[in-house]
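A quick write-up on the structure given underneath.
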Amino acid sequence: MKKSLLLILIAIMFLLTHCATFKSDMIGKYEKTTGKNYKTKPVSLLLIFSHYRQTTGWDAIPKLDDQRQRIQGFDDFLADALNELSNIKRYSTFTEYASDVNDPVRRAQKDSLMQQHDYIMKFKFMRKKSFAKSTLGALLSSVSLTLFPIAYTYNYSLDVELYDSKGQLLKHYSRKASLTKWVHTLLIFVYPFHPEQCKKEELYVEFLHDVFKQTEQEKILQKSN
């Protein structure tokens, strides 16, 4: 009887366990705003994306996400953020995958696209977590039946390089932020307001909008006659 009650209690504890995720402020945020550049000559733009992940202490090097692993809804975030740019007459996108190393057709496609546009922006997204901290946190959380609050931190960064059609580097952008996910039984009351997926999407949206806003304000995408 006692064992049954204990099992029921444990089951209830896990059913009540929830996570609440909180986003940090963005490092490198662009603060200036002067308005749109509607009179600037229209240009074509190629956007090359790579999404990396690394569990430090477990992965020897960062690993490229495949199409299934990258964040859902990324294409929607991009379409929304491109509204920050006022003089794009045409744009193309290309996402790099690890399998491209054995795919000459994909590599040739990227090279061809790079020759067809006035400007090229290369986006490198990175998300990292600590293997040691995650393992110890999971162990402590399980032992305490999630009564002890545990925090898991994921560090995100975005590095962007902007090139002209000749391959000359014109600008480098860098943004950083982190997500902290707390696991605790009583977070069932906080979870609906701070779900992990929502905070992750907010981070990507903020990264993209801020980089494009800086590009627009600094008037870098100006094709010479």
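The values are calculated or read from the model by the stated rules, or taken from the named source; none is laboratory data. Since the model is a prediction, treat every value here as computed from it, not as a measurement. Every residue, glycine as well, gets a Cβ built from its backbone with ideal geometry; the counts of neighbours run over all protein chains shown.
Can you tell which of Lys32, Lys3 is charged (D, E, K, R), modelled with pLDDT under 80 and surrounded by fewer than 17 Cβ atoms within 10 Å (Cβ to Cβ)?
None of the others qualify; the one that does is Lys3.
Mind listing just one residue for me: the one in segment 50-71 that is out of contact with any Asp or Glu (no Cβ under 8 Å at 6 or more places or on another chain) and assigned to a strand (DSSP E or B) and, of those, farthest from Gln214 (Cα to Cα)?
Checking each candidate, the answer is Asp59.
Considering only residues that are in contact with an Asp or Glu (Cβ under 8 Å, 6 or more places away or on another chain) and assigned to a helix (DSSP H, G or I), look in segment 102-130 and name the one that is farthest from His172 (Cα to Cα).
It comes out as Arg106.
Just checking, which of Leu187, Leu147, Leu136 is assigned to a loop (DSSP other than H, G, I, E, B) and at pLDDT below 95?
Answer to the selection: Leu147.
From the list Lys213, Lys181, Lys176, Lys223, pick out the single residue that is of a type outside the set (Val, Ile, Thr), modelled with pLDDT of 70 or more and not in a strand (DSSP E or B).
Step by step, each of Lys213, Lys181, Lys176, Lys223 is checked, and only Lys213 is of a type outside the set (Val, Ile, Thr), modelled with pLDDT of 70 or more and not in a strand (DSSP E or B).
Pull out all pairs, ordered by first then second residue, where Cβ-Cβ is under 7 Å, the residues are six or more apart or on different chains, the first lies in segment 72-83 and is assigned to a loop (DSSP other than H, G, I, E, B), and the second is at pLDDT 95 or above and of a type outside the set (A, V, I, L, M).
Taking only residues 6 or more apart or on different chains, the pairs are Gly73/Glu201.
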